[in-house]
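Down below is the structure, laid out as structure tokens.
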Amino acid sequence: MSKKNIDGNFRFLTRAVHGGNEVDAETGAIRRPITMANSYELPYDPSDLNWSSADGQIYTRNGGANQRYLQEKLALLHNAPDCVALSSGVAALSGVFFTFLKSGDHVVMSNSTYIAAYRLINELFPDKFGVEKTLVDSSDPDSVRL
Amino acid sequence: MKTNTRLIHVETPSNPTVKISDIAAISEIAHANGALLSVDNTFASPYNQRPYELGADLTIESLTKYINGHGDAMGGAALGKKELIDQIRSQAMVNLGGAISPFNAWLIMRGAVTLPLRMRQHNESAQKVAAFLQTLPQVRFVAYPGLYGHKNHETAQRQMQNGFGGVLAFGLNTDHDGHNSFVSKLRVITNAVSLGHDESLIVFLGENDERQYLYGDEFRGGFFRVSIGLEDAEDLISDIKNALLAYKTV
Ligand SMILES: Cc1ncc(COP(=O)(O)O)c(C=O)c1O
């Protein structure tokens, strides 16, 4: 079976069509199927698996097949080395904030953003975690630098 | 910037004012100060703009919008170097539980195939509608990064290679009720939130919106955010013309 192996050497339209897709190994279908299973078969001895791992196929919340295909396509479209697909845009925003901010950190944020970004950085992170924030007019880089 | 600044977060073009921020310039500021830059790229989509190539550490997309493109599935993504994305995967997906459903991932993957073709049309039609709105005496202001009059048009031209997206903002020379009456007379453009769908969407952001104080003066009398869809641009223009003949103004 031939592998497409679409990479960044192809142009944008080609990456949009073929990125993340391959022939389905089991059926030979030319489109990868929807895999709705919640769980993936464990190895003979699962006892030393890391149940918090997002690498292997354990459980769909730790990474599912269709999520992986979509991530491949999106990384190609952005020319970025890696991608994580999540349940909504706000899950991505709050996920980035939660992952990289801790108490005492300071955030500089644009004063024009989607309302949930504003709610998270202007209110929730300061109130719950003591994160500091400054809203700036980011259309002027000098007001970011200040 | 302070010694404890960990993150700069910008959105460009921004919701709802389509403000443009210079990604390359801000990434230099972030990195000179040991901070990360995250850029919400939802209004542009990767067809028009790719923040990773411009120096952003993290790119955020609401897949719900242009990337899925059909207004029928929600999703989001963060992109960047593996060492950063791995941390998000572990914290935001496995432990906070923000995993995407396989069916939505499949729908979005299917929608994304036509992203470049759809973006060409969104870009072209939004430019036409913005230019048309500018000619109308009833229109108080139009904000669209593709217009020469936009404050950061040159920055937008530099970092948005293929076009300026499908979202614009405008206000009418009327009051609160006049804006709502205008929307009620539209037949093609739908009165609903969201953007990047196949159909055009409009939402009225009133003069009492809690964030009015953060926006430029022109936005303070109440304004519309419009997501120009994939209908024929001439039908969208007619829809606006007809609503302007029929609405109840002051
Ligand atoms: C710029 C921007 N970022 C993020 C979001 C949130 O995305 P989602 O609705 O997929 O959570 C939206 C709109 O909803 C948006 O306009």
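The values are calculated or read from the model by the stated rules, or taken from the named source; none is laboratory data. Remember, it's a predicted structure, so these values are computed and weren't measured experimentally. Here the Cβ positions follow ideal geometry from the backbone for every residue, glycine too, while neighbour counts run over all protein chains shown. Only protein heavy atoms, including side chains, enter the accessible area calculation; ligands, DNA and RNA are left aside. Shrake-Rupley method; radii C 1.70, N 1.55, O 1.52, S 1.80 Å.
Taken together, B:GLY206, B:GLY229 contain a single residue that is under 20 Å from the mean Cα position of the chain (by Cα), within 24 Å of B:HIS150 (Cα to Cα) and surrounded by fewer than 15 Cβ atoms within 10 Å (Cβ to Cβ), which is B:GLY206. Residues being among the β-branched types (Val, Ile, Thr), modelled with pLDDT of 95 or more, assigned to a helix (DSSP H, G or I) and not assigned by TED's automatic domain parsing to the domain that holds B:GLY146 are entirely absent from region B:113-131. Tell me whether region B:96-118 contains one or more residues that are at negative phi, among the aromatic types (Phe, Trp, Tyr) and open to solvent by 50 Å² or more (accessible area, probe 1.4 Å). The answer is yes, given that some residue of region B:96-118 is at negative phi, among the aromatic types (Phe, Trp, Tyr) and open to solvent by 50 Å² or more (accessible area, probe 1.4 Å).
Can we say B:THR114 is among the hydroxyl-bearing types (Ser, Thr, Tyr) and closer than 28 Å to B:GLY76 by Cβ?
yes
So that you can scan it fast, the table gives a plain yes or no per residue for (1) within 12 Å of chain B (Cβ to nearest Cβ); (2) within 16 Å of the ligand (Cβ to nearest atom); (3) under 20 Å from B:THR42 (Cα atoms):
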{"position": "A:ALA16", "(1), (2), (3)": "yes, no, yes"}
{"position": "A:ASN21", "(1), (2), (3)": "yes, no, no"}
{"position": "A:ARG32", "(1), (2), (3)": "yes, no, no"}
{"position": "A:ALA54", "(1), (2), (3)": "yes, no, no"}
{"position": "A:ALA92", "(1), (2), (3)": "yes, yes, yes"}
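To keep it simple, each residue is scored yes or no on (1) of a type outside the set (S, T, N, Q); (2) touching a Gly at 6+ places or on another chain (Cβ under 6 Å).
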{"residue": "A:ILE6", "(1), (2)": "yes, yes"}
{"residue": "A:LEU13", "(1), (2)": "yes, no"}
{"residue": "A:ASN21", "(1), (2)": "no, no"}
{"residue": "A:GLY28", "(1), (2)": "yes, no"}
{"residue": "A:PRO43", "(1), (2)": "yes, no"}
{"residue": "A:SER52", "(1), (2)": "no, no"}
{"residue": "A:GLY56", "(1), (2)": "yes, no"}
{"residue": "A:ASN66", "(1), (2)": "no, no"}
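Checking the stated criteria, B:ASN33 turns out not to satisfy the condition of being without any contact (Cβ under 8 Å) to a residue 24 or more places away in the chain, surrounded by fewer than 20 Cβ atoms within 10 Å (Cβ to Cβ) and within 25 Å of A:ASP142 (Cα to Cα). Scanning region A:95-119 for residues that are within 25 Å of B:ARG225 (Cα to Cα) and more than 7 Å from chain B (Cβ to nearest Cβ) yields A:ILE115, A:ALA116, A:ARG119.
Annotation: A:LEU76 fulfils all but one of (1) free of Cβ contacts under 8 Å to residues at least 24 places away in the same chain; (2) under 27 Å from A:PHE12 (Cβ atoms); (3) more than 7 Å from chain B (Cβ to nearest Cβ); the unmet one is (1).
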